[in-house]
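Quick notes on the structure that follows.
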Amino acid sequence: MTPSPHATAAAPPPHLGIVLFSLAMGGFAIGTTEFASMSLLPFFAADLRIDEPTAGYAISAYALGVVLGAPMIAVLGARFARRTQLLVLMAVFALGNGLTALAPSYGWMIAARFLSGLPHGAYFGIAALVAASLVPYDRRSQAVGRLMLGLTCATIIGVPLANLVGQAIGWRASFGLVSLLALLTVLLCALFAPRDQAGRSDPLRELGALKSGRVWITLAIGAIGFGGMFAVYTYLATTLIEVTGVSTAAIPFFLAIFGIGATLGNLFVPRFADRALMPTAGCILLFSAVALLVFPLAARNPWLLGIDVFAIGAGVSLGAVLQTRLMDVAGDAQALAAALNHSAFNTANALGPFLGGLAIREGLGWTSTGPVGAGLALLGFLIWIVAARDAGSAPAKGSSTAPPDNAPVRPAPPLAPARHSRSDRPKHPVA
């Protein structure tokens, strides 16, 4: 069957793996700045002469930029080609991190972090749609998971490297490094991202996603359930110093352990999600709640803490699972729904550090972030129960094994692996 002339991709790029690597490089840059800023919190707090809970607001400012920027950019960019959006978004991201490195005061840093956050969600949303459009329908979670490997690999390599650079040269150099990574992504996407036509969507149709209760409840799972991980991770560096008693030189080691857990989670968990999407999300939330509850008990022993930090990192795989769920329930508003997933993720990024900081300010100790995080994960699980019941009552639209009812019939795209020769399988409208 001849591909439709209206398909997004005008010509296949050199290789699927190269395309996903190019997209994932943006995730690597984003993940490095998002998580490294948390690990560098004690250092820029001291340099800017503010306390650490106050410094945590710089992380919240970045998250607020993501929350506001993701839907706004997704709607305004509905008529632009996806490749063009990727290039512009990463250029703005490079600018924001460069300004962070040059910020002369705390107020300027807050503004630069907000600017850096604006492209975050929209980039991941557009990149996820591109990745999902290149593979068969029943491998979308795996494709999105491979895209998210850029973010999780950042927690293994990028964040410890940024932390080492921050300790050796200064925290400003770490944000300068992120700016260079973003410019590298612009180059890779310019060379290898699929060339596509201008978007066929429009702002009003994208805004249609906001009318769906299933979209909002899926977003609520991430916005609440993910907050637990951020509550612990934001103050992990200080907890390691003040409670575990390790030297600052050991902090990158624990950050890498978290990243290994996140990377392995994104490698293996989406395989289960492609078979049972919603049950997998529920299991991740319960697993995360247990790992977060154990955190105060493990915090004084570096070996036990390393195991627990690995487990907490594995919960990051929830992001790829929820991204796929949004593709199922968003209908025609794919770009906005995909971007909103990262708004939800960064709502959690703002909520978790805020609540964890409140617990610390109340004198409950650095390890109090564990129970706070567990409470958020369990609250996310309660929201998941509502969503799972809804998915069970309408399997045709929420299943991960069959396309939605309104999915157009079209053959597999040119970049999809040859071994999936089921030409009768419909493609999801993300293509």
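The values are calculated or read from the model by the stated rules, or taken from the named source; none is laboratory data. Just so you know, these numbers come straight off a predicted model, no measurement behind them. Counting neighbours? That spans all protein chains shown, and the Cβs are built from the backbone with ideal geometry, glycine included. Accessible surface areas use protein heavy atoms only, side chains included; no ligands, DNA or RNA. Shrake-Rupley method; radii C 1.70, N 1.55, O 1.52, S 1.80 Å.
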Across the range 12-36, the tally of residues that are modelled with pLDDT under 85 and either small (Gly, Ala, Ser) or not in a helix (DSSP H, G or I) (or both) stands at 6
The residue from ILE251, ILE221 that alone is crowded, with 21+ Cβ neighbours inside 10 Å and over 17 Å from the mean Cα position of the chain (by Cα) is ILE251
- Query: Right, ALA162: open to solvent by less than 10 Å² (accessible area, probe 1.4 Å) and modelled with pLDDT of 85 or more or not?
  - Reply: yes
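Residues checked against (1) at negative phi; (2) open to solvent by less than 10 Å² (accessible area, probe 1.4 Å); (3) of a type in the set (D, E, K, R); (4) over 22 Å from the mean Cα position of the chain (by Cα):
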position	(1), (2), (3), (4)
TYR233	yes, yes, no, no
THR239	yes, yes, no, yes
PHE258	yes, yes, no, no
ALA262	yes, yes, no, no
ALA276	yes, no, no, no
THR280	yes, no, no, no
ALA298	yes, yes, no, yes
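Looking only at the range 188-198, decide whether some residue is under 30 Å from SER288 (Cα atoms), at pLDDT below 75 and not polar (S, T, N, Q). Break it down into steps so the answer makes sense when it comes.
Filtering the range 188-198 for residues under 30 Å from SER288 (Cα atoms) gives none.
No, the range 188-198 has no match at all.
Do we have ALA58 as touching a residue at least 40 places away in the same chain (Cβ under 8 Å), assigned to a helix (DSSP H, G or I), farther than 30 Å from SER368 by Cα and of a type outside the set (Ser, Thr, Tyr) here? So that I can check it myself, show each step before the final result.
Details: touching a residue at least 40 places away in the same chain (Cβ under 8 Å): yes; assigned to a helix (DSSP H, G or I): yes; farther than 30 Å from SER368 by Cα: no; of a type outside the set (Ser, Thr, Tyr): yes.
Taking the combined requirement at face value, the residue does not satisfy it.
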Self-check item: MET38 more than 26 Å from ALA337 (Cβ to Cβ) and in contact (Cβ under 8 Å) with a residue 12 or more places away in the chain
Solution: yes
Here the residues within the range 38-60 that are open to solvent by 10 Å² or more (accessible area, probe 1.4 Å) and within 19 Å of the chain's Cα centre (by Cα) are SER60
Scanning the range 113-159 for residues that are open to solvent by less than 10 Å² (accessible area, probe 1.4 Å) and of a type in the set (D, E, K, R), the one nearest to PHE93 (Cα to Cα) turns out to be ARG113
